[in-house]
Amino acid sequence: MLEIEGLFCSYGKVTVVRDLSMRVGKGELVTLIGANGAGKTTTLKAISGLIPITAKHIIFDGEDITGASPQEILSRGIAHCPEGRRVFPYMTVQENLDMGCYLRKDQDGIDTDLERVFEGFPILKQRRHQMAGTLSGGEQQMLAIGRALMSRPKLILFDEPSLGLAPNLVETTFEIVSEIRSQGVTVLMVEQNAFAALRLCDRAYLLESGKVTLEGTGAELKDDPYVREAYLGG
């Protein structure tokens with residue numbers, strides 16, 4: 001479904017992602033692991049069209065989206081659930097969800113998807129008229145996920161979905177990600193909790209200094225001696 005070849009991303013004179021190539025198959029849950037500053041978030045921003053890039057190509061669903069605008073990329077079916085939730089704090093829960101489907105015109109489908117989001121996250125229905133900035137961290141994460149789902153994506157990019165959450169909410173968040181995947185949505189996830197990410201995913205890539213240094217199934221990377229020593233605590 002997604003194929004990246006020869007991706008480079010820079011901030012000024014600093015190259016953050018170097019000749020990165022990877023793929024995500026339809027229906028897969030693929031994760032990127034690595035230390036802070038390895039280029040994981042930058043890779044997701046590049047896929048979403050949020051930063052300037054150079055690349056041989058980025059192919060999504062059979063079409064070349066290299067250099068496409070964020071709006072065009074979203075319209076083709078890639079939703080981005082960013083690090084830190086990034087909800088609109090002075091807008092209501094309902095208004096935040098409406099922002100997730102602003103490119104859509106199928107009102108019946110929008111209404112159906114809204115009810116599906118409310119079924120999955122009942123607290124959002126209860127607080128639909130509440131300002132998003134007053135929600136707890138866990139509730140804001142649910143809202144960010146719901147907002148992404150309102151675009152009816154084929155692929156969701158999750159950037160650190162468990163970041164900053166209370167321990168009792170971390171497992172719930174991973175269960176939500178797994179459930180989304182089980183419903184046929186392809187998932188590419190960046191996650192600092194490498195053990196949980198590798199346990200959950202089909203395949204994984206290890207990024208170090210902006211380059212893919214290791215790839216394989218989640219189980220393969222979880223059992224790799226280097227990964228265990230460097231990222232899983234031995």
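Where helices (runs of 4 or more DSSP H) fall wholly inside region 100-154, the ranges with 1 or more residues that are of a type in the set (Gly, Ala, Ser) and on the phi < 0 side of the Ramachandran plot are 107-120, 137-149.
Yes/no per residue for (1) within 17 Å of the chain's Cα centre (by Cα); (2) part of a strand (DSSP E or B); (3) surrounded by 18 or more Cβ atoms within 10 Å (Cβ to Cβ); (4) aromatic (Phe, Trp, Tyr):
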residue: Glu3; (1), (2), (3), (4): yes, yes, no, no
residue: Val16; (1), (2), (3), (4): no, yes, yes, no
residue: Met22; (1), (2), (3), (4): yes, yes, yes, no
residue: Ile47; (1), (2), (3), (4): yes, no, yes, no
residue: Ala68; (1), (2), (3), (4): no, no, yes, no
residue: Gln71; (1), (2), (3), (4): yes, no, no, no
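Taken together, Gly37, Gly12, Gly62, Gly67 contain a single residue that is at pLDDT below 95, closer than 19 Å to Pro161 by Cα and not charged (D, E, K, R), which is Gly37. Is it the case, given these coordinates, that Ser136 is touching a residue at least 40 places away in the same chain (Cβ under 8 Å), polar (S, T, N, Q), surrounded by fewer than 15 Cβ atoms within 10 Å (Cβ to Cβ) and more than 25 Å from Pro70 (Cβ to Cβ)? No, not satisfied.
Residues that are in contact (Cβ under 8 Å) with a residue 40 or more places away in the chain and small (Gly, Ala, Ser) within region 180-227 comprise Gly184, Ala194, Ala197, Ala204, Ser209, Gly210, Gly218, listed in sequence order. Is at least one residue of region 85-95 modelled with pLDDT under 90, under 20 Å from the mean Cα position of the chain (by Cα) and at positive phi? Scanning region 85-95 turns up at least one residue that is modelled with pLDDT under 90, under 20 Å from the mean Cα position of the chain (by Cα) and at positive phi. The one condition from (1) surrounded by 14 or more Cβ atoms within 10 Å (Cβ to Cβ); (2) in contact with a Leu (Cβ under 8 Å, 6 or more places away or on another chain) that Ser10 does not meet is (2).
Here region 158-205 is the region considered, the condition is being part of a loop (DSSP other than H, G, I, E, B) and of a type in the set (Asp, Glu), and the residue that is nearest to Phe118 (Cα to Cα) is Glu160.
Considering (1) over 25 Å from Glu160 (Cβ atoms); (2) over 22 Å from the mean Cα position of the chain (by Cα), the lone condition that Leu114 does not fulfil carries the number (2). Within region 216-229, being buried (at least 16 other Cβ atoms within 10 Å of the Cβ) and either part of a strand (DSSP E or B) or among the polar types (S, T, N, Q) (or both) holds for one residue alone: Gly216.
Pairing residues of region 93-118 that are in contact (Cβ under 8 Å) with a residue 12 or more places away in the chain with residues that are β-branched (Val, Ile, Thr) and not in a helix (DSSP H, G or I), at Cβ distances under 7 Å and at least 6 apart in sequence or on separate chains, gives Asn96/Val87.
Note on region 161-181: among residues that are closer than 16 Å to Ala148 by Cβ and out of contact with any Leu (no Cβ under 9 Å at 6 or more places or on another chain), the one that is surrounded by the fewest Cβ atoms within 10 Å (Cβ to Cβ) is Glu179. When you check Leu124 against the structure, is it more than 27 Å from Glu72 (Cα to Cα), without any contact (Cβ under 8 Å) to a residue 60 or more places away in the chain and either of a type outside the set (S, T, N, Q) or in contact with a Leu (Cβ under 7 Å, 6 or more places away or on another chain) (or both), yes or no? Yes.
The values are calculated or read from the model by the stated rules, or taken from the named source; none is laboratory data. These figures come from a predicted structure and were not determined experimentally. Because the Cβ atoms are built from the backbone with ideal geometry, glycine has one as well, and the counts that use them run over all protein chains shown.
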